[in-house]
Structures are given as structure tokens and as C-alpha cells.
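Below is one structure, written out as C-alpha cells; comments come after it.
Any read-out appearing in this document is the output of simple, stated calculations on the displayed coordinates, not a laboratory observation. Predicted, not measured: the structure shown is a model, and the values here were computed from it. Cβ atoms come from the backbone with ideal geometry, glycine included; neighbour counts cover every protein chain shown.
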Amino acid sequence: FAAFLLLLGMCIIITSGRPAPSSNAFCRIIWLFGVPCDQVNMAIVTGIKDDKKSYKLGPVTPDQILANHTAKDGEIANLNFTMDSTTLSMGCHVQGSSVSPFWFSPFDNGTNYCNLYKVIKGSGLNKTPGFVEFTNEWLCLGFGASVCKCY
């Protein structure tokens, strides 16, 4: 029953957000972490700051982090990490998104997924207790073909 409620909650959260842009490549991911949101926020900010070559940190609040990722070809994607505390586990629920400005980006081997994945992996959050990632091809164009999953 608890698994059903979790799945139902994830479906409501995923579908209640803004619609994904139809003419741009995009990726939406939901993560659950078994650590408080202030620690998650600090780790994401540190992960972005540590990769000065391709990430640029934007405005940061306790509930949201904005950033840009510049690819080798100069394409800039907008990243957004939104955090909410989970009361049952004292953990953190994060919704991340990456949106590329060009229509041909859906055919780029999952670049938007990689933009987000690299921040989470670089911050070490993928090794925290309770780490879970939710996404699929409908929410994250190119997810299945992303080349960053292997490192």
C-alpha cells in the first residue's frame, strides 16, 4: 500500500508541473535523498561550482537552485533544482530539469539527462542513503540513449 501511495504521489507531482516545452529538448528527473534538504542544497551548489568549465551557478535559495550548462558546441541549457523536505523520512525530494534551446537537441544522446546526472554524481548525492531516481523517456528525451550513464 505504501508503494502504491508513493507511486501515486510521484505521478501527481510529475504531471502537475508545467508542461514540458514542445519545441525544445528537455529532461525532468525526480530524486529522493535520505538526508535533509539543506545538505542536498549545499552538495548541489558545491557540485556546480566545482565544474567551472561547463556549469554556471545562478540564483540560489533554500528551495531552488538555478544554473546553466554550456556544452562543448556552445549550446546553453537551463537547469533548475527544486527541493521539498519529506516529513516521513526527514529526507529531501528534488525535482530537476534541464531544457535546451534548440529543436534538434532531442537527438543528442541524452545531453539534458547528462547535464543533471553529472551534478548529482559530482556532488556525491548518488551515494547518499535513500537515493532513488525517477525518470523515463516521456519525461526525459534521450534518457535511454544517454551516453553519460556509463561513467
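Could you compute the FRET efficiency for Ser54 and Lys127, with r as their C-beta to C-beta distance and R0 at 25 Å, rounded to 0.05?
Numbers: r = 22 Å, r/R0 = 0.88.
Taking R0 as 25 Å, the efficiency between Ser54 and Lys127 is 0.70.
About the Cα centre of segment 23-150, what is the dipole size in debye to 20, counting +1 per Lys and Arg Cβ and -1 per Asp and Glu Cβ, all else neutral? If you can, show how the numbers build up before the last one.
On the way: 10 positive and 10 negative charges, 67 e Å.
It comes to approximately 320 debye.
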